[in-house]
Amino acid sequence: MDTSKNMISAKGIEKSFGTLKVLKGVDLEVSAAEVISIMGASGAGKSTFLQILGTLSTPDGGSLVIDGTDVLKLKGNALAEFRNRRLGFVFQFHHLLPEFTALENVMIPAFIAGRSRSDAEKSAVELLTDLGLADRLNHKPSELSGGEQQRVAIARALINRPAVLFADEPSGNLDSRTKEELHNLFFRLRDKYGQTIVIVTHDPELAKMCDRSMYMVDGLFVQDVQ
C-alpha cells in the first residue's frame with residue numbers, strides 16, 4: 001500500500017457560528033493507511049472539524065482535498081455521491097435502523113450507491129464475518145450487545161470501501177473490555193484494507209495506539225501529542 005500518498009489535505013479551515021469563531025485556520029494532512037486521533041477539551045472544535053472533513057458541514061474558508069478530489073467544489077448530488085462512495089462514518093451512537101437486521105443495515109449504503117442486491121449482500125456478509133458477527137447476520141439491533149451494534153455500524157461504514165473512515169467518539173458508549181476490542185479492530189482494518197482512519201476521541205489509550213495524535217485547543221492544533 002502506498003502510505004506516501006496524501007489522502008486528506010486540509011488547509012486554513014475556518015468555521016464560525018454567529019460571532020463565535022470555532023475553527024481558526026486549521027491545517028491537517030493525513031497519509032493513506034494512516035490512523036490519526038484528534039483530542040481536546042469539549043468545545044475545542046474537534047467534532048466541527050471532523051464534520052467538515054467528512055463533508056457534513058461546509059467551512060467558511062480554507063481548502064479541502066480528499067483522495068485527490070477538491071470536495072468543496074462538489075455540490076448537490078455530486079457531493080452526496082462522493083460522501084456515500086468515498087467516506088465512511090462511525091459515531092458514538094451507532095444510528096442503526098431498528099426495524100432492519102444487521103445484514104440489512106450494512107447493505108443500505110451499497111443500495112444507495114446503486115450496487116446490486118447480490119453484490120451488496122456478498123460484501124456485507126464478508127465484512128460482518130470478518131468483524132466476528134457471522135452468527136448475528138439476521139439479528140436486529142435490539143438483539144445485539146453494544147459492542148456488536150458498533151461493529152455492525154463499522155461494517156456499514158466500510159461497505160463501499162471508503163477512502164477515509166471518520167469516527168467520532170466511537171468507543172465512548174462501551175465498557176472497557178468492548179472498548180479495547182473496538183480499538184484493536186481499527187488497526188486490523190488499517191492492516192488488512194489499508195484503511196485511512198481519523199478518530200475524534202477523549203480516550204488517551206486509543207490516542208496512544210494511533211500513528212499520530214493531534215491536540216486541538218480553541219480551534220487550532222497546538223502540537224502533535226506523539
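Computed per residue of the chain from DSSP H runs no shorter than four, each worth -39500 (n - 2.57), the mean residue ellipticity at 222 nm is -11000 deg cm²/dmol.
Take every pair of alpha-carbon atoms less than 8 Å apart whose residues are at least six positions apart; their mean separation over the length of the chain yields a relative contact order of 30 percent.
So if I take the centroid of the Cα atoms in the range 127-153 and the same for the range 176-194, what is the distance between those two points in Å? Taking the Cα centre of each part, the range 127-153 and the range 176-194 sit 15 Å apart. With respect to the cross-link table entries Lys75/Lys192; Lys21/Lys73; Lys11/Lys75; Lys15/Lys73, which display a Cα-Cα separation exceeding 27 Å? Violating the 27 Å limit, Cα to Cα: Lys75/Lys192. Between 0 and 90 degrees, the angle of helix 76-86 with respect to the longest Cα principal axis of the chain falls at about 70 degrees. Hydrodynamic estimate: the Kirkwood radius of the range 78-226 over Cα pairs, inserted into Stokes-Einstein at 25 °C and 0.890 mPa s, corresponds to D of 154 µm²/s. Could you list the trypsin sites (Lys or Arg not before Pro) in the range 1-94 that lie in coil according to DSSP, counting only those with at most 16 other Cβ atoms within 10 Å of their Cβ? Filter output for the range 1-94: Lys5, Lys75. Taken one residue at a time, the phi angles of the range 45-60 give Karplus couplings (6.51, -1.76, 1.60, θ = phi - 60°) of x, 4, 5, 4, 5, 4, 5, 5, 4, x, 6, 8, 9, 9, x, 7 Hz. Gly and Pro are set to x. The accessible-area ordering, largest first, of the residues Ser31, Ser37, Ser145 stands as Ser145, Ser31, Ser37, per a 1.4 angstrom probe.
Of all the accessible heavy-atom surface of the range 85-134, with the other protein chains kept in place and a 1.4 Å probe, what percent is carbon and sulfur? Looking at the range 85-134 in its full context, I get 61 percent from C and S.
Beta-bridge orientation, the chain: approximately 55 percent antiparallel, per DSSP, counting only bridges with both partners inside. Each Cα pair under 8 Å and six or more residues apart adds its separation to the average, and for the range 97-226 the resulting relative contact order is 21 percent. The angle between the Cα long axis of helix 102-112 and the longest principal axis of the Cα atoms of the chain comes to about 60 degrees, rounded to the nearest 10.
Accessible area per residue was computed with a 1.4 Å probe on protein heavy atoms; Phe17 scores about 110 Å².
On the principal axes of its alpha carbon atoms, the range 11-102 extends 43, 31, 30 Å, with the longest extent given first. Computed with every protein chain present, the accessible area of Glu181 is close to 90 Å² [probe 1.4 Å].
The values are calculated or read from the model by the stated rules, or taken from the named source; none is laboratory data. Just so you know, these numbers come straight off a predicted model, no measurement behind them. Don't worry about glycine lacking a Cβ; one is built from the backbone with ideal geometry, like all the others, and counts go over all protein chains shown. Just so you know, the surface numbers come from the protein's heavy atoms only, side chains and all, with ligands and any DNA or RNA stripped out. Shrake-Rupley method; radii C 1.70, N 1.55, O 1.52, S 1.80 Å.
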